[in-house]
Amino acid sequence: SYLREQMVARENTISFSMPFELITNDNILVDLFKQAMVHTEECSGQEGDSLYWSYKTRGINAESSGSNLVPTYTVEYYTTAQQEEALTEKVNQIMADFNFSDSTSEYDKVKAIHDYICDNVDYDHDLTKYSAYDALCTGTAVCQGYAVAFYRLCKEAGLSVRIIAGIGAGGRHAWNIVRIGDVYYNIDCTWDGQEPETEYAWF
């Protein structure tokens, strides 16, 4: 939980102390890093898949201190803490403009989020902008930025959503799945948002 909180806050150097007795395997420090980014239905839009796709690199060092191990994680992100604050403000503004109510259907929420991203984000052909901040606050991003933005907004809307990574059109690609009723549907805002008019081929 501490590691997750520090990563959400975009801390670059994160240290804590843990008793040696908690070390159950040789990969415990890597496992802890992965667990900090695990998706759950309860996690916020800043956590889970969003957090996993928001860091660039990580390093791990550890030192002994008495009966404790003190790991230090060095993490590089696609965004700064200030950019994340701006993103949160933008997300709050978008959600307020949506004005979803208790009676708004899951389908209508998904369509509104899809349309907003497709209408307001252009593809970054320079391949340098990877974050939801890039997508929602600067208006350009690669597929990763589209997918994280969709995840963030869906989470805020109370929808069940994941980021999917795989191969699309012969290259590495990211998109989403989102649940409507009891069924998960693939959805790709990147490919639906490439033309002047929003498309629904991947909706």
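The values are calculated or read from the model by the stated rules, or taken from the named source; none is laboratory data. Given the structure is predicted, the values throughout are model-derived calculations rather than measurements. Every residue, glycine among them, receives a Cβ derived from its backbone with ideal geometry; neighbour counts consider all protein chains shown. Surface accessibility is based on the protein's heavy atoms, side chains included, excluding ligands, DNA and RNA. Shrake-Rupley method; radii C 1.70, N 1.55, O 1.52, S 1.80 Å.
Between Asn99 and Ser64, the FRET efficiency from the beta-carbon distance, with R0 = 45 Å, is close to 0.25.
Using a 1.4 Å probe over the heavy atoms of the protein chains, calculate the carbon and sulfur portion of the accessible area of segment 91-178 as a whole percent.
The computed percentage sits at 44.
Each of Asn12 and Glu76 was given a label point 7 Å from its Cα along the Cα-to-Cβ line. The distance between the two points is 1.0 nm. Against the main long axis of the alpha-carbon atoms of the chain, helix 81-98 sits at an angle near 30°. With the convex hull of the Cα atoms taken as the outline of segment 1-153, the averaged projected area works out to 10.4 nm². For segment 72-203, DSSP calls about 85 percent of its internal beta bridges antiparallel. Between Ile28 and Glu89, residue separation times 0.36 nm minus the direct Cα-Cα distance comes to 18.4 nm.
On average, how much accessible surface per residue is there in segment 29-178, in Å², for a 1.4 Å probe, leaving out ligands, DNA and RNA?
In whole numbers, segment 29-178 has 48 Å² accessible per residue.
Note on Glu5 and Glu106: with the Förster distance fixed at 25 Å, the Cβ-Cβ geometry gives a FRET efficiency of about 0.25. If you line up the long axis of helix 143-156 against the longest principal axis of the chain, both from Cα atoms, how many degrees apart are they, to the nearest 10? Long axis of 143-156 versus the principal axis of the chain: about 90 degrees. Within straight cross-link reach of Lys109, meaning Cα distance under 22 Å, which lysines are found once same-chain residues fewer than 8 apart are removed? Of all the lysines, those that pass the test against Lys109 - Cα under 22 Å, at least 8 places apart if same chain - are Lys90, Lys155.
Derived value for segment 133-203: Kirkwood hydrodynamic radius 12.5 Å. Basis is the mean of 1/r over every pair of different alpha-carbon atoms.
Within straight-line reach of Lys34, meaning a Cα separation under 18 Å, sit the following lysines at least 8 residues removed in sequence or on another chain: Lys56.
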